[in-house]
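Working notes, structure below.
The values are calculated or read from the model by the stated rules, or taken from the named source; none is laboratory data. Predicted, not measured: the structure shown is a model, and the values here were computed from it. Ideal geometry is used to build each Cβ from the backbone, glycine not excepted, and the neighbour counts take in all protein chains shown. Accessible surface areas use protein heavy atoms only, side chains included; no ligands, DNA or RNA. Shrake-Rupley method; radii C 1.70, N 1.55, O 1.52, S 1.80 Å.
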Amino acid sequence: MKSLRYLKMTAWVTAAILVASCGSSRGLDKKSELIVDESTSSVTNVSDTLQKHAYLQKVSDNAQYVRFITSKVKFSVEVGNRQMTLTGNLKMKRDDVIRLQLMAFGFVEAGRLEFTQDYVLIVDRINKQYLKVPYAQLEFFRRSGVNFYMLQALFWNELFQPGEARLTDKKLKKFSTKAGVDNEIIVSMDDENLSYRWLTEQSTARINMANVRYADHLRGNYQLNWDYSDFKQTNRKMFPMHHKVSVTTPDKEVKLDMILNYVGNDEDWEPRTVLSGKYRQMPVDEILRRFMSL
């Protein structure tokens, strides 16, 4: 019975990771509060346009120039007062797919989460069920404008231009920079009810945190906070091995901790999941209801 409960919880924790990948957090630490609150006296304008553009270019140049990133991963998911730790795999192909595989007992795939340019796929291997929907059918994606390319930038520790597939020199001019505390530079962009913030390390131009916030004065705010740490050199660039994602919608808070074992560039895997006829399509309402009951 304990094993069965574990398998069921592992399968449905995939839904929690879906929300964590595109949500927000009320319990933000002081650094993320600094990103949101630009009125703090410790933040001053960086006025030199040439200096600003040179710095933003340096941040952009820290991106990994590879097609594939793969790794074994240790996950820890916290939903309310419930917490679960399990292992899995992260497989990413640039401009094509982001895949998270969740393993039960270290060798049985219990769940799969797959992002492509066109849809989100959630697979429950235990109960032979799946959900495949375009981004617009998931509330936070629709409200915040999160799409595949934004998620890719978050997973790959990069700047992004909302709504765009590429970040060009011309688009870099739309970003603002402010000096933060110690050795920090805050990179920002605003679009109506949406705000985007990156906390960077001035000496290395490395992104240590990304923050996406959607302000809804009637229903409540949505926010995604993504922390990066434990940077290690790979492919001649530094890449974060530890990702902490905190998510808050008006109704629920989700926290995801993701630790990579290594960064590889394995190309020997199929970039699209193909399911047999044994799997049953789930409606959006059902998987969200099950997630909310965790």
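What part of the accessible area of region 173-258, given as a whole %, is carbon or sulfur when the probe is 1.4 angstrom? Each step should come with its number before you reach the end.
On the way: 1570 of 3830 Å².
Exposed carbon and sulfur together represent 41 percent of the surface.
So which trypsin sites (Lys or Arg not before Pro) in region 203-251 are both in a DSSP loop and have at most 13 other Cβ atoms within 10 Å of their Cβ?
Details: sites: Arg206, Arg213, Arg219, Lys232, Arg236, Lys237, Lys244; in loops: Arg219, Arg236.
Answer by residue number: Arg219, Arg236.
Stretched out fully, how many nm does the piece from Asp182 to Thr204 gain, at 0.36 nm a residue minus the Cα gap? Before the final figure, lay out the partial values.
Details: separation 22, 0.36 × 22 = 7.92 nm, distance 1.33 nm.
Between Asp182 and Thr204, full extension yields an extra 6.6 nm.
Please work out how much length the chain gains when fully extended from Arg142 to Thr49, using 0.36 nm per residue of separation minus the C-alpha to C-alpha distance, in nm with one decimal. Kindly include the intermediate steps, with their values, before the conclusion.
Numbers: separation 93, 0.36 × 93 = 33.48 nm, distance 3.36 nm.
Length difference between fully extended and current span is 30.1 nm.
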